[in-house]
1. Given a cut-off of 22 Å, name the pairs among K193/K216; K55/K79; K46/K216; K171/K216; K142/K171; K144/K216 whose C-alpha atoms lie farther apart than that in the structure shown.
2. For the chain, take every pair of Cα atoms, bin their distances at 10 Å starting from 0, and report each bin as a whole percent.
3. Of all DSSP beta bridges located in the chain, what percent are antiparallel, nearest 5?
4. What whole number of Å gives the distance from the Cα centroid of the range 218-277 to the Cα centroid of the range 149-204?
5. Grab the eigenvalues of the alpha-carbon gyration tensor for the range 234-278, scale each by 5, take roots, and send me the semi-axes largest first in whole angstrom.
6. Please give the length that would be gained between Q20 and A154 if that part of the chain were fully extended, namely 0.36 nm times their separation in residues minus their C-alpha to C-alpha distance (nm, one decimal).
7. How long are the semi-axes of the ellipsoid equivalent to the range 119-223, from square roots of 5 times the Cα gyration tensor eigenvalues, in whole Å, largest first?
8. Quick one: work out the % antiparallel among DSSP beta bridges in the range 8-116, nearest 5.
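Read the figures in this text as sums done on the coordinates, not as results from a lab. All values derive from a computational prediction rather than experimental measurement. In this analysis, Cβ positions are derived from the backbone assuming ideal geometry, glycine residues included, and neighbour counts consider all displayed protein chains.
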Amino acid sequence: MNDTLLPGLYIVATPIGNLQDVSRRQEATLRQADVIAAEDSRVTAKLLNHLGIKKQITAYHDHVSETVAENLVDMLGEKAIALVSDAGTPLISDPGYKLVRKARAAGHLVTTIPGPCAMVAALTLAGLPTDRFFFAGFLPAKAKARADTIAEIAELRATLMFYESGPRLAKSLRALAEELGDREAAVAREITKAFEETVTGTLPELAERYADAPPKGEIVIIVGPPGDRPAASDADIDAALREALETLPPGKAARQVAKTLRMSSDGLYERAMALKDEA
């Protein structure tokens, strides 16, 4: 058993591009761990070679069997296992949460060695509001599922963040522009590397920029929150109530319109009753 690290699971962040970003604590943990559980052993081997570390690497990714996860959990009683992803912080749009849950359920030590995260790094580069943000991972590849996902989060009063690849970037930007309009946005790629680039503009502008020029590298899309919606006019409210009254009783129609128009329901029931009497 390792003399320095206690047995348990160590969630170790690794550089997202620039190997100089590895911290002393991250390096020490990788050096002292008994086993390293890695998303891709070839990627992790490059980092270990850079640090001069020779260590047993066990594959742990979304497609490993339950047996692999159970074996790792069984080892935690006697060994220190470092969990790493290909780059950045494990579990952030990367495998690992199931292993963490199993380790906790078994009563083992679980701790984190924090460090680089592409999502957070991109947020600092974009120049968009940072007080509230929502990370949505990768958008679905199919058009219908992609549009549905965007629609689900369109009204969030927060900066939206997505991971993306170069070949899919144009389609994702176009879908975001179609659903969200001309919001401010940014595309950050190759963060911490020699060709780091952050391009800002509106979603339609960025969609046009990358339409025929898919960039290389790992990419983060950052989209600003929606602007303030203008208050609904009396005519808009009456039109919405009339439409709702075609299928709903006045009380439910009033609640639905209040939710749809994001307004108080005060007085809407009485208004709905009056419109129903007029019909």
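1. Pairs exceeding 22 Å: K144/K216.
2. Final binned percentages: 6, 23, 22, 20, 14, 9, 5, 1, 0.
3. 45 percent
4. Measuring centre to centre over Cα atoms gives 29 Å.
5. On the way: eigenvalues 37, 21, 20 Å².
Semi-axes, largest first: 14, 10, 10 Å.
6. On the way: separation 134, 0.36 × 134 = 48.24 nm, distance 3.76 nm.
This chain segment gains 44.5 nm when fully extended.
7. Working: eigenvalues 70, 54, 30 Å².
Largest first, the range 119-223 gives 19, 16, 12 Å.
8. Details: 1 of 16 bridges.
DSSP beta bridges in the range 8-116 are roughly 5 percent antiparallel.
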